[in-house]
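As structure tokens, the structure follows; a few thoughts come after it.
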Amino acid sequence: MTREAALACVPVKNSAVKEVRLENGLVRLCYPLQIKPWLAELRRRFGPAEASPPEKQLELDELGTLTWDLMDGTLRFDEIVRRFCRETRVHPKEAEAAVAQFVRELGRRGLVGLKPFEP
Amino acid sequence: MEPANGPDPKRQPACGAKVFAWAGLRFCLPSGWETGQLEKDHGWLESDFKPVMEFKTAIVRGRFSFRRHLKQLETASSLRLKRVDMPVAWRSHLNGFHARAFTWQGPRLGGDGLLIYCPACRRATLLQFFRNGGAVVDAVVSVLASFSDHGTAPRPTLAVYDIQATVPLALSLKRFRFDSGRFELVYGDRRRLLTLWRWSPADAALRHHNDSLPDFARFNGLPADADPSAPSREVNQGVEWCWPLRRTWRNRLPLRFRRRLPPAAFRIWHRPAVNRILAVRADGQMDYDLFAEICRDYEIVS
């Protein structure tokens with residue numbers, strides 16, 4: 001995907017992710033752990049009958065929380081970068097790199113995806 | 001247009017806009033343009049996340065040939081180049097330079113280009129302007145009107161992203177990193193080393209260090225051989241440490257002839273209004289006055 005195409009996409013949160021707002025205003029994400037099929041099968045056969053799927057937690061820092069809050073499913077990537085830039089007063093290029101890295105990392109964990117923008 | 005002595009060496013960017021200075025080049029950034037990606041002698045400028053200009057520069061050894069360089073550019077890249085006459089509006093701003101204009105077309109993008117050679121400093125510079133809806137045409141004139149590649153007292157010598165500094169020309173850029181949130185540039189020569197840092201956003205960076213600038217400095221830039229408990233001096237919105245220069249075999253002899261040893265120094269200061277932290281460190285045989293002057297000129301521009 002080219003940079004131009006990525007900037008025009010909308011980051012969308014995975015609906016399976018649970019969001020917990022902490023007292024200090026930061027966000028903790030709880031998401032189901034993706035395990036290999038053969039491990040899942042082992043767990044189903046030999047694990048406890050009522051076992052809930054394994055979960056993992058990720059606590060975001062303040063910049064991560066800000067970016068997470070900006071991802072409302074309607075804002076394009078470039079608009080998120082602009083707002084991040086306004087809020088934190090960082091340079092636009094730095095904001096783009098920071099937001100891109102954050103979205104890439106969440107995407108790798110399956111917490112967000114990118115969809116084409118539909119006006 | 002092609003005098004033997006080169007352009008006026010005192011030519012300075014005279015504009016109210018933000019100045020861009022990198023790799024020996026200096027010009028005013030048209031409104032809305034920002035630094036994109038930078039390499040040692042190469043870089044891109046952007047406007048609203050789109051590339052608007054690319055530059056490449058180098059000192060030429062031997063005789064310079066426009067034909068050979070343009071041919072090399074065409075064969076080394078997938079661009080189709082076409083020589084065109086220099087537009088009149090451009091020509092008037094290139095007094096003292098030798099220059100050739102061309103148009104270029106790549107697989108997805110195209111635009112106008114300019115190969116400039118300065119006979120005074122023997123520097124060749126390639127400028128490629130991207131055609132993004134035609135708004136670049138006026139900007140080209142603005143860039144050329146303020147373009148300079150050498151000068152008697154160039155200030156600033158560094159103006160990229162949101163930082164601006166004047167570093168003595170004798171110190172060359174050794175290495176640099178522009179990471180998101182942290183910039184580091186190292187200049188030096190055989191006897192001296194100068195490091196510039198910039199952190200952003202400052203509030204987030206300081207929060208991990210109890211909102212204390214000295215605590216932050218201990219983990220960012222203050223070297224291990226400096227005693228952090230040694231008395232530091234408060235400077236304008238910051239702190240400064242000086243420690244004696246380590247006597248190595250390399251600096252023992254020159255120091256013998258000096259009454260007072262130049263100290264190694266580190267200064268860090270906070271700019272709350274722009275939410276940035278700046279720091280400068282001098283190592284080796286650098287005069288304190290020069291260090292203080294570099295610190296004074298190192299600033300945030302927005």
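The values are calculated or read from the model by the stated rules, or taken from the named source; none is laboratory data. This one's a predicted model, so the numbers in the text were calculated from it and none came from an experiment. All Cβ positions, glycine included, derive from the backbone under ideal geometry; neighbour counts span all protein chains shown. In case anyone asks, the SASA skips ligands and DNA or RNA and just uses the protein heavy atoms, side chains included. Shrake-Rupley method; radii C 1.70, N 1.55, O 1.52, S 1.80 Å.
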(request) Kindly indicate whether any position in the stretch B:130-148 is closer than 30 Å to B:Gly111 by Cα, in contact with a Lys or Arg (Cβ under 6 Å, 6 or more places away or on another chain) and modelled with pLDDT of 95 or more. (result) no
(request) Can you tell me which residue among B:Ala165, B:Ala202 is open to solvent by less than 10 Å² (accessible area, probe 1.4 Å) and within 14 Å of another protein chain (Cβ to nearest Cβ)? (result) B:Ala202
(request) Report, by residue number, each residue of the stretch B:44-89 that is touching a residue at least 60 places away in the same chain (Cβ under 8 Å) and within 14 Å of chain A (Cβ to nearest Cβ). (result) B:Ser47, B:Lys50, B:Pro51, B:Val52
(request) Out of B:Leu193, B:Leu171, report the one residue that is open to solvent by 40 Å² or more (accessible area, probe 1.4 Å), of a type in the set (A, V, I, L, M) and either within 10 Å of another protein chain (Cβ to nearest Cβ) or under 15 Å from B:Val280 (Cα atoms) (or both). (result) B:Leu193
(request) Just need a number here: residues in the stretch A:1-36 that are open to solvent by 70 Å² or more (accessible area, probe 1.4 Å), touching a Phe, Trp or Tyr at 6+ places or on another chain (Cβ under 9 Å) and within 14 Å of another protein chain (Cβ to nearest Cβ). (result) 2
(message) Just the residues that are under 24 Å from B:His150 (Cα atoms), open to solvent by 30 Å² or more (accessible area, probe 1.4 Å) and either part of a strand (DSSP E or B) or of a type in the set (Phe, Trp, Tyr) (or both), please, taken from the stretch B:77-111.
(response) B:His98, B:Arg100
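Could you pull out the residue among B:Phe178, B:Phe183, B:Phe216 that is over 24 Å from B:Val160 (Cα atoms) and either crowded, with 17+ Cβ neighbours inside 10 Å or more than 14 Å from chain A (Cβ to nearest Cβ) (or both)? Can you show your working first?
Values: B:Phe178 fails: over 24 Å from B:Val160 (Cα atoms); B:Phe183 fails: over 24 Å from B:Val160 (Cα atoms).
The unique qualifying residue is B:Phe216.
Here is a yes/no grid of residues against (1) in contact (Cβ under 8 Å) with a residue 40 or more places away in the chain; (2) loosely packed, with under 14 Cβ neighbours inside 10 Å; (3) in contact with a Gly (Cβ under 8 Å, 6 or more places away or on another chain); (4) not in a helix (DSSP H, G or I):
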residue: A:Trp38; (1), (2), (3), (4): no, yes, no, no
residue: A:Gly64; (1), (2), (3), (4): no, no, no, no
residue: A:Gly73; (1), (2), (3), (4): yes, yes, no, yes
residue: A:Arg83; (1), (2), (3), (4): no, no, no, no
residue: A:Glu87; (1), (2), (3), (4): no, no, no, no
residue: A:Val90; (1), (2), (3), (4): no, no, yes, yes
residue: A:Gln101; (1), (2), (3), (4): no, yes, no, no
(message) Among the numbered criteria (1) touching a strand residue (DSSP E or B) at 6+ places or on another chain (Cβ under 6 Å); (2) open to solvent by less than 40 Å² (accessible area, probe 1.4 Å), which one does A:Asp78 miss?
(response) (1)
(message) Looking at the stretch B:90-105, I want the residues that are aromatic (Phe, Trp, Tyr) and have a partner that is part of a helix (DSSP H, G or I) with Cβ atoms under 6 Å, at least 6 apart or on another chain. Which pairs are those?
(response) B:Trp90/B:Leu144
(request) Looking at (1) touching a strand residue (DSSP E or B) at 6+ places or on another chain (Cβ under 6 Å); (2) crowded, with 16+ Cβ neighbours inside 10 Å; (3) part of a loop (DSSP other than H, G, I, E, B), find the lone condition where A:Leu114 falls short. (result) (3)
